[in-house]
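A quick write-up on the structure given underneath.
The values are calculated or read from the model by the stated rules, or taken from the named source; none is laboratory data. None of these values were measured; they are calculated from a predicted model. Backbone-built Cβ (ideal geometry, glycine too); neighbour counts: all protein chains shown.
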């Protein structure tokens, strides 16, 4: 405690100096869990353990479409060590389905399975091996049904209808019951505009099914509670959304399902849908024992929604001087057997379907299908990724048709602040599309390949020793993309933050409590930074995320720093006002400065606008109750897209990134080595520059993955997944990941906290088409499908 | 599942005789994956980890006696001169962790057409020494692979070591995969020049039901080299010879379409690899090198 010294200004604590809190926003504060993860000491959800716990196991359908004629669990139940076997008939509540947007997904199959890997029955046993054997002993009598696997088969006359009794909000405008959602967007007069075009290019493109490929398999632990409820520890992306879906199926009120976030081993959208949550709770409530479920890798590939594969048709026209006259496009997204977030993905694909370009006359149609393919839902980039791959290929095709430099064509048509989206929404914050392209183009190029004495690790094929320099051609390609930030189309999105400020042992200490799922994005780091900056306190504790505080919304859509970061900032501001009020109460009588405007908290002290120190936080709060506030924060409202015209103020914020890819291609063998993927991105404000660069580099490499190798292969005849393992689902290794120089632009968005822009997804968009453009330049091939396979390059 | 841990080779043979269906476990890099995926649930696992002699090798005058469990990392680090193709193949196996565990015995036991060691063994020339309580025998590598994931082992036999012919000329190995590391072969190719016998041997991986040699291509090349006196003159090989060799190597494939690649690309890529590896090896031979780089 400082001593009090009389001065001209009254009583002030002695020995006070100004010092800004370290570790505030704008600093590259290190992650609290970084070293733990690198050294293998971090506890993931799969590491959870409880005394007396049982192991849960899910029996999944080997067929993509079949009627279940009978299920016999007697042999499984008779196996020693088995405590419960559950099927659809054992579900305890009237509510037997769940879903993110539509509750169309059975908790356990109800007489029919609609995709390969659909859960049919559950087992709890005292050992995982016993549970596995018991699951094998369950006899399920299937009668296989024909499968629908694409638009043609799903909408053919007489096609089997997957969800015959639809009454969801999209059903009335769907052209066919196997079309989950359709969003048209129409602006201007495309037919007239097309007549002004000097050059028109069309293209058909195909985007394969990418997986999030997080390393931590789905897992969690459900512990039954004395009050008849359950405590669930689980790796997820949105605790409260899980809770909303779990509780009704258990027949419990939400307050009896208490959720705590367990260590998350990556997400990328793949944990937005429920996986083992309900299953573990059902088994725990049935057996009265804690139940742990951990997916195997194969099960993980079968058990979560992937990125939508897509077929895209585009027509672009331009006048001879390179100005776009019009764009027509049709995007068909395969949502698989259940809705997941397909409708929102359709809205994104449509509204962002022509990219960051100014076009007056546009006709867009996006549809999402129900098929017997694996369910598809959220993945980093969410509908914008598929479109970007196609519209950027089109821009290159158009540039070739015009005899124009592809970057110049993009510059001429680049959107700027104030321009209109195809939805009619005015872009009312910086849109530095041309500037980002200029920046990546102007970055120094990597040195040319040393063909005399190359290090084979730098060559396509690497240590597999396929080339010593023969057959290798370098290519360079560019792309730029636009992604929305936050939830769109009128969704009432909010985040909650609770902040507590108190004095402990004479030191001011803040605690931030939210339900934000830390999935690797760095929220836990940034929340502490925000609290330090806003409260002028160095010691900040981030409380584990749970449902004892209000919803933080989803860790997705690049929204968490904006939304829950914004909520932390907002609540801190209210806490700060309470501090000032307490200070005024205590000291305001002696010091008129307490009543002045512009007081702030800095370095553990209350400071006036002029920098005069009024008191330490410790002095203000000593003997007071802790200040403890929980407040919600909202972004400005959006509105739905019109069902016919697609017009509407649909998105909260836009995010832009551009890439330049440099590749070396072995044109004889079809092997590719990405040499460099330079990225420029406007991030509004980098609250943690190190984290921001990490997000951009990660997103960039994930975009490279779908460009060259990542694909869930589904047998078109049976709709079965062919490669549910990391043996044949290939993700980039360190020898595939190129240098990713990053150039950050920080143009403030006046609507956003600190002016920041969500950063996590935009780099995933433009990375893929930039790589494709570079490979096309090296090979001269059209390459209209990703991932590009060696045979596409060679044939 | 019962876990058998013999302390010596004789115990291992006895255990295998008693439990012919027991699956030998060496590095575990194939077996454990299959068990984890539920593709295989053997009644017995026969752990060879305690049998030290399986991890030893000996360089003889004509051949290297390579223990079945010598890890790939050691082959890369210590046998590059004697077994250049096998060392190159070993370097292309999976990840550093796997290369520290896995060995040639496992590749041979699994006998997957995609195993990286096979083309190198076929090209160099090798014999697989197997043993049972009934006695030992040596199986020529050309006769070892009998079908997809099948080999000439009898149920009671274990692979003890491989006798690989020491390189007397340049050797090469090349593998096509769809990423730049840690990838199972889409197809692969091994090649060895044997200047002493004026022969060329090859090995094709993952482009037929079994690893196999491209016999016609080998014969053509040996003939062309001999006819033009190129072994002696060490002159450059006419492009038409390399081209024909490549075409014959491609023709020796019987590939399939699968999740990793198409038959057409496999055949094409084997041709490209055959031409490139031969030209690299021939260049090394012209420069007087004994082994490959």
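When the residues of the stretch A:679-703 are filtered to those that are more than 26 Å from residue A:214 (Cβ to Cβ) and part of a strand (DSSP E or B), the one that is farthest from the other protein chains (Cβ to nearest Cβ) is A:682. Among the criteria (1) closer than 18 Å to residue A:131 by Cβ; (2) out of contact with any strand residue (DSSP E or B) (no Cβ under 6 Å at 6 or more places or on another chain), the one residue A:102 does not fulfil is (1).
Can you tell me which residue is nearest to the other protein chains (Cβ to nearest Cβ) among those in the stretch A:757-792 that are assigned to a loop (DSSP other than H, G, I, E, B) and surrounded by fewer than 24 Cβ atoms within 10 Å (Cβ to Cβ)?
Quick first cut of the stretch A:757-792, residues assigned to a loop (DSSP other than H, G, I, E, B) only: A:757-761, A:780-784, A:787-789.
Add one more test, that the residue is surrounded by fewer than 24 Cβ atoms within 10 Å (Cβ to Cβ), and what stays is A:780-784, A:787, A:789.
On the way: A:780: 17, A:781: 14, A:782: 18, A:783: 15, A:784: 17, A:787: 8, A:789: 7 Å.
Result: A:789.
Return yes when residue A:750 is assigned to a helix (DSSP H, G or I), more than 14 Å from chain B (Cβ to nearest Cβ) and farther than 22 Å from residue A:457 by Cα and no when it is not. No.
Just a yes or no: is a residue in the stretch A:147-154 at pLDDT 95 or above and closer than 26 Å to residue A:297 by Cβ? Scanning the stretch A:147-154, I find at least one residue that is at pLDDT 95 or above and closer than 26 Å to residue A:297 by Cβ, so the answer is yes.
Could you please find all residues in the stretch B:260-272 being touching a helix residue (DSSP H, G or I) at 6+ places or on another chain (Cβ under 8 Å) and within 8 Å of chain A (Cβ to nearest Cβ)? Steps first, please.
Just the residues of the stretch B:260-272 that are touching a helix residue (DSSP H, G or I) at 6+ places or on another chain (Cβ under 8 Å), to begin with: B:261-262, B:264-265, B:267-272.
B:261, B:262, B:264, B:265, B:268, B:269, B:272 - these are the residues of the stretch B:260-272 that are touching a helix residue (DSSP H, G or I) at 6+ places or on another chain (Cβ under 8 Å) and within 8 Å of chain A (Cβ to nearest Cβ).
Considering the stretch B:76-89, the residues that are assigned to a loop (DSSP other than H, G, I, E, B) and closer than 18 Å to residue B:160 by Cβ include one that is nearest to the chain's Cα centre (by Cα), namely B:83.
May I ask you to list the residues in the stretch B:29-57 that are part of a loop (DSSP other than H, G, I, E, B) and buried (at least 18 other Cβ atoms within 10 Å of the Cβ)?
Start the filter on the stretch B:29-57 by keeping residues that are part of a loop (DSSP other than H, G, I, E, B), which leaves B:29-30, B:37-43, B:48-51, B:56.
Scanning the stretch B:29-57 gives B:29, B:30, B:48, B:51.
Hey, any hits in the stretch A:445-452 for a residue that's touching a residue at least 24 places away in the same chain (Cβ under 8 Å) and either in contact with a helix residue (DSSP H, G or I) (Cβ under 6 Å, 6 or more places away or on another chain) or farther than 28 Å from residue A:681 by Cα (or both)? No; the residues of the stretch A:445-452 include none that is touching a residue at least 24 places away in the same chain (Cβ under 8 Å) and either in contact with a helix residue (DSSP H, G or I) (Cβ under 6 Å, 6 or more places away or on another chain) or farther than 28 Å from residue A:681 by Cα (or both).
Considering each of B:208, B:246 in turn, give the residue that is surrounded by 16 or more Cβ atoms within 10 Å (Cβ to Cβ), in contact (Cβ under 8 Å) with a residue 60 or more places away in the chain and either closer than 19 Å to residue B:148 by Cα or within 14 Å of chain A (Cβ to nearest Cβ) (or both).
Working: B:246 fails: in contact (Cβ under 8 Å) with a residue 60 or more places away in the chain.
Answer to the check: B:208.
Tell me, yes or no, whether the stretch A:251-262 has at least one residue that is surrounded by fewer than 22 Cβ atoms within 10 Å (Cβ to Cβ) and closer than 28 Å to residue A:382 by Cα. Checking the stretch A:251-262: at least one residue is surrounded by fewer than 22 Cβ atoms within 10 Å (Cβ to Cβ) and closer than 28 Å to residue A:382 by Cα.
Restricting to the stretch A:568-605, what's the tally of residues that are in contact (Cβ under 8 Å) with a residue 24 or more places away in the chain and within 39 Å of the chain's Cα centre (by Cα)?
Just the residues of the stretch A:568-605 that are in contact (Cβ under 8 Å) with a residue 24 or more places away in the chain, to begin with: A:568-576, A:578-580, A:582-583, A:586-587, A:590-591, A:593, A:600-605.
Filter once more, so that each one left must be within 39 Å of the chain's Cα centre (by Cα): A:568-576, A:578-580, A:600-605.
Residues flagged as in contact (Cβ under 8 Å) with a residue 24 or more places away in the chain and within 39 Å of the chain's Cα centre (by Cα) within the stretch A:568-605 amount to 18.
When A:211, A:189, A:231, A:141 are screened for being at pLDDT 95 or above and in contact with a helix residue (DSSP H, G or I) (Cβ under 8 Å, 6 or more places away or on another chain), only A:211 passes. The numbered conditions (1) within 14 Å of chain B (Cβ to nearest Cβ); (2) farther than 19 Å from residue A:471 by Cα; (3) in a helix (DSSP H, G or I) are all true for residue A:737 except (3). A single entry from B:170, B:155 fulfils the requirement of being modelled with pLDDT of 95 or more, within 14 Å of chain A (Cβ to nearest Cβ) and either over 15 Å from the mean Cα position of the chain (by Cα) or within 24 Å of residue B:56 (Cα to Cα) (or both): B:170. For the residues B:229, B:264, B:223, the requirement of being free of Cβ contacts under 8 Å to residues at least 24 places away in the same chain and within 20 Å of residue B:114 (Cα to Cα) singles out B:264. Exactly one residue out of A:730, A:722, A:708 is at the interface with another protein chain (Cβ under 8 Å from one of its Cβ atoms), closer than 30 Å to residue A:114 by Cβ and touching a strand residue (DSSP E or B) at 6+ places or on another chain (Cβ under 9 Å): that is A:722.
Yes or no: residue A:175 under 28 Å from residue A:348 (Cβ atoms) and either assigned by TED's automatic domain parsing to the domain that holds residue A:109 or surrounded by fewer than 17 Cβ atoms within 10 Å (Cβ to Cβ) (or both)?
Numbers: under 28 Å from residue A:348 (Cβ atoms): yes; either assigned by TED's automatic domain parsing to the domain that holds residue A:109 or surrounded by fewer than 17 Cβ atoms within 10 Å (Cβ to Cβ) (or both): yes.
Yes; evaluated as a whole, the condition is true for this residue.
Whether any residue in the stretch A:474-483 is within 14 Å of another protein chain (Cβ to nearest Cβ), in contact with a strand residue (DSSP E or B) (Cβ under 7 Å, 6 or more places away or on another chain), closer than 30 Å to residue B:91 by Cβ and surrounded by 22 or more Cβ atoms within 10 Å (Cβ to Cβ) is what I want to check. Within the stretch A:474-483, none of the residues are within 14 Å of another protein chain (Cβ to nearest Cβ), in contact with a strand residue (DSSP E or B) (Cβ under 7 Å, 6 or more places away or on another chain), closer than 30 Å to residue B:91 by Cβ and surrounded by 22 or more Cβ atoms within 10 Å (Cβ to Cβ).
Here are B:237, B:241: which of them is within 20 Å of residue A:468 (Cβ to Cβ), part of a loop (DSSP other than H, G, I, E, B) and either within 14 Å of chain A (Cβ to nearest Cβ) or at pLDDT 95 or above (or both)? Walk me through it before giving the result.
On the way: B:241 fails: part of a loop (DSSP other than H, G, I, E, B).
When all the criteria are applied, what remains is B:237.
Considering the conditions (1) out of contact with any strand residue (DSSP E or B) (no Cβ under 6 Å at 6 or more places or on another chain); (2) outside any loop (DSSP other than H, G, I, E, B); (3) away from chain A (no Cβ under 11 Å), residue B:279 is excluded by exactly one of them, (3). All conditions in (1) assigned to a loop (DSSP other than H, G, I, E, B); (2) surrounded by 19 or more Cβ atoms within 10 Å (Cβ to Cβ) hold for residue A:285, with the sole exception of (1). Does any residue of the stretch A:279-295 turn out to be under 22 Å from residue A:705 (Cβ atoms), within 14 Å of another protein chain (Cβ to nearest Cβ) and either in contact with a helix residue (DSSP H, G or I) (Cβ under 7 Å, 6 or more places away or on another chain) or at pLDDT 95 or above (or both)? So far as the stretch A:279-295 goes, yes, one or more of its residues are under 22 Å from residue A:705 (Cβ atoms), within 14 Å of another protein chain (Cβ to nearest Cβ) and either in contact with a helix residue (DSSP H, G or I) (Cβ under 7 Å, 6 or more places away or on another chain) or at pLDDT 95 or above (or both).
If I ask for residues that are within 12 Å of another protein chain (Cβ to nearest Cβ) and crowded, with 19+ Cβ neighbours inside 10 Å, which ones from the stretch A:426-467 would you list? Matches in the stretch A:426-467: A:459, A:460, A:461, A:462, A:464, A:465, A:466, A:467.
Please note which strands (runs of 3 or more DSSP E) are completely contained in the stretch B:90-195 and include at least 2 residues that are crowded, with 21+ Cβ neighbours inside 10 Å.
Numbers: elements: B:126-132, B:135-140, B:145-147, B:158-165, B:171-176, B:187-194.
It comes to B:126-132, B:158-165, B:171-176, B:187-194.
Those strands (runs of 3 or more DSSP E) of the stretch A:304-399 in which 3 or more residues are under 20 Å from residue A:150 (Cβ atoms) and free of Cβ contacts under 8 Å to residues at least 60 places away in the same chain occupy A:324-334.
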